[in-house]
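Each value in this text was obtained by applying a stated rule to the coordinates, not by laboratory testing. The model shown is predicted, which means the values in this text are computed figures rather than measured ones. Cβ sites come from the backbone with ideal geometry, for glycine too, and all protein chains shown count toward neighbours.
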Amino acid sequence: MGEPIVIALDGTSASGKSTNAKRVAKALDYAYVDTGAMYRSLAWYCLEKEVDLGDAKAIASLCRRWKTELKNDDGHIRLYVDGYFPEKEIRTAETSAAVPVVAAVPAVRKWMKAKQRECIEFGDLVMEGRDIGSNVFPDTDYKFYLDASLDERSKRRAADGVDENLAERDKQDSQRAAAPLMIPLGAKVINNSEMTAEETSALIISEVQEKLEAAG
Ligand code: DC
């Protein structure tokens, strides 16, 4: 058996990364990794431990010390913190506001990259994030970058009951010095403003299958 295959799914907030990554993972029977959830977990943990978010050294220090473990929950690879997966806590407005700050700390990104690369121990993966094709698995042949208009993405977030300033989040993600959001070299860009999730995931799956066949 060769190296596990990694499908890197990057893109802007609310561009449909999670929905499509889950659909593609299910269709191909690959494990699914939400790297945003990993950054969110650290942001939540910083809030729990009352770390000053203005102090990058304190954030980096907590990241080096926290006790974590990757587990495969029914095809979803999750990062457990002190034996617990903070599923609800990582989606609160407070955590959402803290996560871009935490995600901009270079030592955090280094830690996350190593942890995310460990995920191949679970086999073939669909990994969604902001820097997967550009930084975490730059050598993969399976890179996709999702985007949609700001208007459409704002509607999607609102439909999920989440009130978030997406323009501000995009700016923070794209302008940070460490591993900013960008279109990875060689990625297929899919603007799905006028596409359904069925259409978007079918497009990704057919691209992957074509490449897998070509690779023999
Ligand atoms: O996809 P999400 O909204 O759950 O991501 C939360 C935050 O984490 C967002 O501000 C971008 C950041 N993130 C990142 O910097 N790199 C990743 N690979 C994944 C997420």
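Residues of region 9-48 with an amide N closer than 15 Å to a point placed 7 Å from the Cα of D74 along the Cα-to-Cβ direction: 22-23, 26, 32. When you filter the chymotrypsin sites (Phe, Trp or Tyr not before Pro) in region 84-148 for DSSP loop state and at most 15 other Cβ atoms inside 10 Å of their Cβ, nothing is left. Result for the chain in a Gaussian network model with C-alpha springs under 10 Å: among M127, M38, M182, the largest mean-square fluctuation is at M182. With both labels modelled 7 Å from their Cα along Cα-to-Cβ, the Y84 to S174 distance reads 3.7 nm. Taking 7 Å steps out from each Cα toward its Cβ at S18 and T92 produces label points 1.7 nm apart. Remark: C-alpha extents of region 33-100 on the principal axes read 37, 25, 16 Å, sorted largest to smallest. Across the alpha-carbon set of the chain, the Rg to Rh ratio works out to 0.95, Rh being the Kirkwood radius.
So for region 1-71, what percent of the C-alpha to C-alpha distances run longer than 21 Å? Present the calculation step by step, with values, prior to reporting the outcome.
Values: 1129 of 2485 pairs.
Distances greater than 21 Å cover 45 percent of the Cα pairs.
When only Cα pairs below 8 angstrom with a gap of at least 6 residues are kept, the chain shows a relative contact order of 34 percent. Measuring between alpha carbons in the structure, the pairs from K88/K171; K71/K113; K110/K211; K49/K88 lying more than 28 angstrom apart are K110/K211. Normalising the average separation of contacting C-alpha pairs (under 8 angstrom, six or more residues apart) by the number of residues puts the relative contact order of region 48-132 at 25 percent.
The order of the peptides 29-36, 47-54 by mean Cβ neighbours within 10 Å, most packed first, is 29-36, 47-54.
Available extension along the chain between E152 and D29 is 41.3 nm, counting 0.36 nm per residue and deducting the alpha carbon span. Dividing the mean sequence gap of close Cα pairs (under 8 Å, 6+ apart) by how many residues region 130-207 holds gives a relative contact order of 45 percent.
In what sequence, highest mean first, do 4-13, 170-179 appear when ranked by Cβ atoms within 10 angstrom? Show your work: numbers first, answer last.
Details: 4-13: 24.4, 170-179: 15.2.
Highest mean packing first, the order is 4-13, 170-179.
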